[in-house]
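Working notes, structure below.
Since every read-out is calculated from the coordinates, none of them should be taken as a lab result. All figures in this text were calculated on a predicted structure; none of them were measured in a lab. As a convention, Cβ positions derive from the backbone with ideal geometry for all residues, glycine included, and neighbour counts pool all protein chains shown.
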Amino acid sequence: MAETTEKIQQWYAIRVTYSRELLVKSHLDNIGIENYVPMHFAERTYGDKRRKVWEPLVHNLLFVRTSADNLKKLKADTTLPIRYIMDRETRVPTVIPERQMQDFMAVVATRNEHVEIVSPQDVDLTSGDKVRVTDGIFAGIEGRYIRHKGHSKVAVAIGNVATALTAYVPSKFIEKINE
């Protein structure tokens with residue numbers, strides 16, 4: 001018997017309010033729901049001192065891997081400040097394909113200071129070829145080849161939520177994928 005889509009584990013994009021993504025992450029960890037908050041080091045000034053702090057890369061955003069049923073139950077049974085990010089066309093919570101989510105997490109996990117997260121509207125992905133990185137720290141990542149700020153990069157789009165841009169990738173490390 002095939003599983004219904006309500007029972008299949010999928011990645012969903014969730015918005016939280018008032019930069020409480022780490023509070024929500026902690027709660028989800030405690031109840032055993034897989035989740036991901038993109039993090040990075042940022043320089044902050046406290047008085048005369050500059051410090052690097054580990055903080056969310058995109059405030060108010062986290063990703064949850066669960067079933068549609070569990071997501072509905074979580075939203076209904078909690079006082080957590082969460083909202084679905086809805087797909088504008090289908091009017092259902094945005095589902096992120098497993099491969100896209102894995103590539104997105106791999107790009108962010110490099111902790112490279114030149115990795116960027118941008119709004120999907122800021123990158124014209126339709127003009128780029130579908131590519132795979134063959135070597136270097138981004139080896140295996142699939143996305144769209146783009147030129148951004150004068151550099152060759154690979155953009156990994158997460159639906160209408162966000163796009164992760166790799167740091168510079170030499171063109172010899174990029175192969176075109178036939179669609």
(message) For a protection proxy built on the mean count of beta-carbon atoms within 10 angstrom, sort 82-90, 33-41 highest first, please.
(response) 33-41, 82-90
(request) List the relative contact order of the range 82-179 as a percent without decimals, with contacts defined as Cα pairs under 8 Å and 6+ residues apart. (result) 30 percent
(request) Please state the charge dipole magnitude for the range 10-96, taken about the Cα centre, from unit charges on C-beta atoms (+1 on K and R, -1 on D and E), reported in debye and rounded to the nearest 20. (result) 220 debye
(message) Taking the Cα centre as origin and putting +1 on Lys and Arg beta-carbons and -1 on Asp and Glu beta-carbons, what dipole magnitude results for the range 54-101, to the nearest 20 debye?
(response) 120 debye
(request) Report, in debye and to the nearest 20, how large the dipole of the chain comes out about its Cα centre when Lys and Arg carry +1 and Asp and Glu carry -1 on their Cβ. (result) 460 debye
(message) Relative contact order for the chain: what percent, with Cα pairs under 8 Å and sequence separation of 6 or more?
(response) 21 percent
(request) Treat the count of other C-beta atoms within 10 Å as a stand-in for reagent exposure and order 110, 163, 45 from fewest to most. (result) 45, 110, 163
(message) Students often check this: by mean Cβ neighbours within 10 Å, which of 9-17, 145-153 ranks highest, and how do the rest follow?
(response) 9-17, 145-153
(request) Taking the Cβ of residue 114 as the centre, find all other residues whose Cβ is under 10 Å away and add up their charges (Lys, Arg: +1; Asp, Glu: -1). (result) 0
(message) Need one word for the range 1-154: rounded, prolate or oblate. Basis is the Cα gyration tensor (sqrt eigenvalues a ≥ b ≥ c); a/c below 1.5 gives rounded, then a/b vs b/c decides.
(response) oblate
(request) Mind scanning 153/176; 149/172; 25/49; 7/75; 7/130; 25/52 and naming the pairs with a C-alpha gap bigger than 24 Å? (result) 25/49; 7/130
(message) Please report the net charge: other residues with Cβ closer than 13 Å to the Cβ of residue 37, K and R +1, D and E -1.
(response) 0
